[in-house]
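Here the structure is laid out as structure tokens; the discussion comes afterwards.
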Amino acid sequence: MSKIQQKYFTTSEMAKTCGVTKHTLFHYDEIGLLKPDFVNEKGYRFYSFKQCYALDIINVLKKAGSSLQEIKDFFQNHNSTMFVNLIQQKQRDLEVEHLRIQRMQYFLKGAVEMTETAMNDLRDTPMIEECEAQYFITTQIEHCLDEQEYAKKLSEHRDYSEKHLILHEFPLWSILSKERFHAEHYFPNYIAYKLISPMQTEKMVTRPKGKYAVLDHIGSYESMPSTYATLKKYINSKGLNVSTDVYEVEMLNYLTEKDPDNFIIRISVGVS
């Protein structure tokens, strides 16, 4: 065995040692990212031991989201300060990605829980429940929006939550002022998501802890006034007063049911 072969890894040895393919090493050579330390007269590539470390860094940076061009630029100009800055940036990128994954986990978990609750724990007659405080990220909507304008507001609400990586549960909520409730004008003031925990923002609304009259509306959005009338009649029959805004949560909607007659929307309003 020649001294060259004893000192260097062949392409196959390098690939096996570092857990990559020969094709990957060929590609890195072609783009100038990781060129072999030595190429013999027959065109065979040989890599030095120190290049195993370089390949480790390349793999880590790739997994952290860096492009091959970004990694190449780093290797062409790198020093200790640049290395620390790059790693710190990748740490921040990974933290953001972690938050995105958390949001999706909460979203999927909430979707299952809400659907199971709708199927197994229906409030088809009015009742009084003790509720803990809840917090919502909200977007205000104007009166009498048409479907197109409402869709734009809903998209704005989703985009804001996504952009700011807000951790919230799956279902869509609506908040209706008690003034509109009394006036029998059931168009919501806000669309909302329930927050995992409170946050500092003017867009947060708090549903206070206390007693709530609760009733599930079963059917299309257009038929909701009759459910509201039933809930009002129940509150009056108990000699209670409305003390909060009204909160609606879509437990089953167009995402889970084709037939609007099977929609379930839980309505709750604070009473005293």
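The values are calculated or read from the model by the stated rules, or taken from the named source; none is laboratory data. Here the structure is a predicted model, which is why all the values come from computation and not from measurement. Virtual Cβ from ideal backbone geometry, glycine too; neighbours counted across all protein chains shown. These accessible areas exclude ligands, DNA and RNA; they are computed on the full protein's heavy atoms, side chains included. Shrake-Rupley method; radii C 1.70, N 1.55, O 1.52, S 1.80 Å.
Worth pointing out:
- Taking the chain and dividing mean pair separation by its residue count, relative contact order in percent (alpha carbons under 8 Å, at least six apart): 17 percent
- Coil-residue trypsin sites (Lys or Arg not before Pro) of segment 170-272, DSSP, other Cβ within 10 Å capped at 16: LYS209, LYS238, LYS258
- Look at the dipole of segment 138-272 built from charges on Cβ: of TYR150, TYR186, SER268, the Cα furthest out on the positive end belongs to SER268.
- Relative contact order of segment 33-113, defined on C-alpha pairs under 8 angstrom at six or more residues apart (%): 22 percent
- With viscosity 1.002 mPa s and temperature 20 °C, the Kirkwood radius over alpha carbon pairs of the chain converts through Stokes-Einstein to a diffusion coefficient of 92 µm²/s.
- Loop-located GluC sites (Glu not before Pro) in segment 154-208 (DSSP state not H, G, I, E or B) with no more than 15 neighbouring Cβ atoms inside 10 Å: GLU184, GLU202.
- Solvent exposure of the chain as accessible area per residue, Å², 1.4 Å probe: 60 Å²
- Between helix 50-63 and the chain there is an angle of about 20 degrees, using the helix long axis and the longest principal axis of the Cα atoms.
- A straight line joining the Cα centroids of segment 197-241 and segment 1-79 runs 64 Å.
- Helix-only [θ]222 nm of the chain, DSSP H runs n ≥ 4, -39500 (n - 2.57) each, per residue, nearest 500: -14500 deg cm²/dmol
- Accessible surface of the chain, 1.4 Å probe: 52 percent of it comes from carbon and sulfur atoms.
- Within a straight-line Cα-Cα reach of under 17 Å, LYS152 can be paired with the following lysines, leaving aside sequence neighbours fewer than 8 residues apart in one chain: LYS163.
- Placing unit charges on the Cβ atoms only, positive for Lys and Arg and negative for Asp and Glu, gives segment 116-272 a dipole magnitude near 580 debye about its Cα centre.
- Debye intensity ratio in log₁₀ form over the Cα atoms of segment 126-272, taken at each q of 0.19 Å⁻¹: -1.27
- Angle between the chain longest axis and helix 224-237 axis [Cα atoms, degrees, rounded to 10]: 60 degrees
- Along the chain, longest interval not containing exposed chymotrypsin sites (Phe, Trp or Tyr not before Pro), exposed being DSSP loop plus at most 15 other Cβ atoms within 10 Å: 50-253
- Positive-pole candidate from HIS217, SER197, HIS27, dipole of the chain, charges at beta carbon: HIS27
- Bridgeable lysines around LYS238 (alpha carbons under 19 Å apart, same-chain partners fewer than 8 residues away excluded): LYS178, LYS211.
- Classified by the C-alpha gyration tensor, segment 1-65 has a prolate form. Its axis ratio a/c, with a ≥ b ≥ c, is 1.5 or above, and a/b is larger than b/c.
- Taking GluC sites (Glu not before Pro) across segment 24-101, the ones in a DSSP loop with at most 11 further Cβ atoms lying within 10 angstrom of their Cβ are GLU41.
- Cα-projected label distance for MET199 with GLN91, points at 7 Å along beta-carbon direction, nm: 2.3 nm
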